[in-house]
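Notes follow the structure.
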Amino acid sequence: MNHQNPVEEYLRPDRMPHIWCPGCGIGTSLNCFIRAFMESGIPRDKVCIVSGIGCTGRVAGYLNLDSFHTTHGRAIPFATGLKLANPELKVVVISGDGDLVAIGGNHFIHAAQRNMDITVVCVNNFNYAMTGGQYGPTTPIKALTSTTPYGSYQTPFNLPKLAESAGAVYVARWTTFHVRQMKKSMTEALNKRGFSFVEIISPCPTLYGRKNQFRSGLETMKWFQKQSVYKDHPSTADINLGFRTYILVGKFVDMEKPTFQDAMDERYKQIRENIA
């Protein structure tokens, strides 16, 4: 009897053991992504994974798929270039909050505004975990980090609202406790034409957690279970960004509109007709 985990086929055993800390949620997020990809029906030779720098950025190196580990904050423009050069590819960006919406924030909003046909998965652990646990653009007010020892005083980004307002056609948000819902949203995002975005709220017990009374991944997961609030068709404006408060989860946006390539092709068609 074969007891092999079905996700193992999509991992690179020669790269193991991985670097992620015990209790980190990135492994759960990766597991859900692989299962979502298996259900998506997308051919294996037609997908490309792009990651930036940071803990989640190491995903590209562990996946046994065509993948690129790019420079800090540049995963989305790299993915944009791949998609424009080969429109048949399904291009997926998997990276962290520091990489995607701090140094990479401008790329994030412009790719959504253009409705680039890429899927972006952001594993959000509320800090720069790989470089020492500094505060970042998603750190909640009053949360302690290595650079905010008296608590953060900067209003964090509402990532689903940012994605929606910039033009994303699919936006969902879950925690690493919601493995089935996360997998379903990732499957939907993979099969969506246009800029699709899935935010994953993830534990970081080693740095963010130990400073903020989340001393283990299991403790954080129990808190996710207790504090998460699910609504049908929730509004991104209702997301609470406070410290140790409820977490609104669900699918916020699911719509259709022309992609950047659709608009470009239509414009070139009009130009050729006018010239003729």
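Please work out if Lys231 is surrounded by fewer than 24 Cβ atoms within 10 Å (Cβ to Cβ) and at pLDDT 95 or above. Taking the combined requirement at face value, the residue does not satisfy it. Taking the stretch 11-111 as the region of interest, the strands (runs of 3 or more DSSP E) fully inside it that hold 1 or more residues being more than 17 Å from Val198 (Cα to Cα) are 47-51, 67-69.
For Tyr208, the conditions (1) surrounded by 23 or more Cβ atoms within 10 Å (Cβ to Cβ); (2) under 22 Å from Arg35 (Cβ atoms); (3) out of contact with any helix residue (DSSP H, G or I) (no Cβ under 9 Å at 6 or more places or on another chain) are fulfilled apart from (2).
Using the structure shown, decide if Thr145 is out of contact with any strand residue (DSSP E or B) (no Cβ under 8 Å at 6 or more places or on another chain) and surrounded by fewer than 24 Cβ atoms within 10 Å (Cβ to Cβ). Spelling it out, it is not the case that Thr145 is out of contact with any strand residue (DSSP E or B) (no Cβ under 8 Å at 6 or more places or on another chain) and surrounded by fewer than 24 Cβ atoms within 10 Å (Cβ to Cβ).
Quick check: anything in the stretch 70-78 under 18 Å from the mean Cα position of the chain (by Cα), aromatic (Phe, Trp, Tyr) and buried (at least 24 other Cβ atoms within 10 Å of the Cβ)?
no
Every listed requirement among (1) free of Cβ contacts under 8 Å to residues at least 12 places away in the same chain; (2) in a loop (DSSP other than H, G, I, E, B); (3) exposed (fewer than 14 other Cβ atoms within 10 Å of the Cβ) is met by Phe214 save one, (3).
Condition check ((1) among the hydrophobic types (A, V, I, L, M, F, W, C); (2) surrounded by fewer than 17 Cβ atoms within 10 Å (Cβ to Cβ); (3) over 24 Å from Met130 (Cα atoms); (4) without any contact (Cβ under 8 Å) to a residue 12 or more places away in the chain) across all residues:
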{"position": "Cys24", "(1), (2), (3), (4)": "yes, no, no, no"}
{"position": "Arg35", "(1), (2), (3), (4)": "no, no, yes, no"}
{"position": "Ser40", "(1), (2), (3), (4)": "no, no, yes, no"}
{"position": "Arg44", "(1), (2), (3), (4)": "no, yes, yes, no"}
{"position": "Val50", "(1), (2), (3), (4)": "yes, no, no, no"}
{"position": "Val59", "(1), (2), (3), (4)": "yes, no, no, no"}
{"position": "Tyr62", "(1), (2), (3), (4)": "no, no, no, no"}
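Within the stretch 244-271, the only residue that satisfies the criterion of being buried (at least 16 other Cβ atoms within 10 Å of the Cβ) and in a loop (DSSP other than H, G, I, E, B) is Thr259. Total residues in the stretch 134-158 satisfying the condition of being part of a loop (DSSP other than H, G, I, E, B) and over 28 Å from Ser196 (Cα atoms): the figure is 10. No other residue among Ser185, Ser165 is modelled with pLDDT of 95 or more, in contact with a strand residue (DSSP E or B) (Cβ under 8 Å, 6 or more places away or on another chain), part of a helix (DSSP H, G or I) and farther than 18 Å from Tyr246 by Cα apart from Ser185.
The values are calculated or read from the model by the stated rules, or taken from the named source; none is laboratory data. Being a predicted model, the structure only gives us computed values, none of them experimental. Quick reminder, even Gly has a Cβ in these numbers, built from the backbone with ideal geometry, and neighbours come from all protein chains shown.
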